[in-house]
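Below: the structure, in structure tokens.
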Amino acid sequence: MMTDSPLVLVGGDVHTERAVSARWPKARIGGTFRDLSLLEYVASGIRPDMVAVDVSLSPRGETLEAWTVRFKSAYPSSTVTVIDGSSNRVSEDIGEVPGLTTVLGSQTVVIWSPKGGVGKTFLSTNLACAASLVTGGNAVLLDMDLCSGDVAVHLDLLDGPAITDLIPVLPDIRPEGLDKYARRHGPSGLNVICGPRQPELCDLVTPEVVRTVLTLASKRWGLTYVDTPPDMASDVVGECVDAATKIVLVTTQDVASLKQCRSALEIFTKLGIPVSAMAVVVNRASKDSLMPLQKVEEFLGVELAGAVPEDRKAAERSVFEGRPLALISKNEISEAVWSILDHLSPGLGRASSNKKTPRRRGLFW
């Protein structure tokens, strides 16, 4: 039996999602997918109360009826409803549709740390995948750690185009032209522009290239996430910081990392970057640390945007499988990532199947 606010995965397009929101106003929509195999993958992690599938959607290699029977067999606790999204459209005014997560503006979130090895790429990939999942693929992750970037490894995207392939066409390319050079992370729908395939090619990516790619990505996708190198003096970091609407500083609880983080906060403040544009996240947070989170806040002089608990085994497994923990429900790291996302992009939110009360859902900005 479904709850008063069921968690729903939608198979279809925006019209299908609108029809679902109109018919079940309290539904918490966990994502909308044109590919039913992707919907199945996400369902394996969050176990929705209901799956609503547009009647016109054709599964690969089987009929919709056969797919429905197979899905019900695999997930007997989930209700499957087939609807006609085209004939159940609600008002075209998107602001009147409850429960629909839509990016109305653009946001560039730069994830950075002055110290290497703090889990910056881990946080970047998880935040970007979470944002992509809840916005139906309207997000991109740029790997600007040009000499030693590992975004492709974390997301299991080892084959495909890289940022260096963009360089010859940059003078004439339009924002939508980036699609050809972005790899697609299947489980989340995230668009990814990966770093150079070989470290020796990183010099080809000049600050001008970085600036242009950031501008194009911001115009093409609603949410842009940028993974950066741990180098304060880097021109690449400078370009990313200049383009950022939000800077996420990643640190751990060790003293060296915290001292460098505080220095970075002071430098950014002197550069005129407002405190509201910065967010500090503690990664691998441990309750047994000699620097508990309250003392971390006192030392840095800021309120933390979030803390990702330490679970090295789960983190290593997620990287090995190319499946960020943000895509898996009932996991402490996953919950921390979604909470940080909500802090960075208020209103983006998500439907969480293991919360007693639903998260906020609504319009972004």
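Among residues other than ALA162 whose Cβ falls under 10 Å from its Cβ, what is the net charge (Lys/Arg +1, Asp/Glu -1)? Here the charged neighbours net out to 0. When the Gaussian network model of the chain links Cα atoms closer than 10 Å, the mean-square fluctuations of ILE163, ILE247, ILE83 top out at ILE83.
For the range 258-274, the Karplus equation 6.51 cos²θ - 1.76 cosθ + 1.60, evaluated at θ = phi - 60°, returns couplings of 5, 5, 5, 5, 5, 4, 5, 4, 5, 5, 4, 5, 5, 6, x, 7, x Hz by residue, with Gly and Pro reported as x. Within the range 304-320, whose backbone N sits under 19 Å from a point 7 Å along Cα→Cβ of ASP288? Label zone hits: 308-316. Here the 3J(HN,Hα) profile of the range 169-185, calculated from phi with Karplus coefficients 6.51, -1.76 and 1.60 at θ = phi - 60°, is 9, 4, x, 10, 6, 9, x, 5, x, 5, 3, 5, 10, 9, 7, 10, 8 Hz, Gly and Pro shown as x. Per DSSP H run of n ≥ 4, the term is -39500 (n - 2.57); total these for the chain, divide by its residue number, and report the mean residue ellipticity at 222 nm rounded to 500 deg cm²/dmol. -10000 deg cm²/dmol, from helical runs alone.
Ranked by how many other Cβ atoms sit within 10 Å of their own Cβ, fewest first, the residues SER257, SER188, SER218 fall in the order SER218, SER257, SER188.
Taking amide H positions as modeled 1.01 Å from N, with prolines and chain starts lacking one, the residues under 5 Å from GLY11 and 5 or more places away or on another chain are PHE33, ALA52, VAL53, ASP54.
Other residues whose C-beta falls under 12 angstrom from the C-beta of THR32 contribute a net charge of -2, scoring Lys and Arg +1 and Asp and Glu -1.
Extension gain, LYS295-SER263: 0.36 nm per intervening residue step, less the Cα-Cα distance, totals 9.9 nm. Seen through its C-alpha gyration tensor, with square-root eigenvalues sorted a ≥ b ≥ c, the range 187-261 comes out prolate because a/c lies at 1.5 or above while a/b is bigger than b/c.
Quick one: of the DSSP bridges fully inside the chain, what percent are antiparallel, nearest 5? Let's see the in-between values first.
Details: 3 of 43 bridges.
Looking only at bridges with both residues in the chain, the antiparallel portion is about 5 percent.
Within straight cross-link reach of LYS259, meaning Cα distance under 16 Å, which lysines are found once same-chain residues fewer than 8 apart are removed? Reachable lysines: LYS115, LYS295.
Helix 14-23 against the longest principal axis of the chain: what's the angle in degrees, Cα atoms only, rounded to the nearest 10? So the inclination is approximately 60 degrees. In this label model, VAL14 and VAL169 are separated by 2.5 nm, measuring between points 7 Å along each Cα→Cβ vector. When the C-alpha to C-alpha distance is required to be over 25 Å, the pairs from LYS26/LYS72; LYS287/LYS330; LYS26/LYS219; LYS180/LYS313 that qualify are LYS26/LYS219; LYS180/LYS313. Consider a paramagnetic label point 7 Å from the Cα of ALA66 along Cα→Cβ; state which residues of the range 25-41 have an amide N under 16 Å from it. Those under the cut-off are 36-37. Percent of C-alpha pairs per 10 Å bin in the chain, short distances first: 5, 24, 32, 24, 12, 3, 0.
Read-outs throughout are calculated quantities, based only on the coordinates presented, and are distinct from any laboratory measurement. Since this is a predicted model, take the numbers as computed values, not measurements. Neighbour counts run over all protein chains shown; Cβ positions are idealised from the backbone, glycine included.
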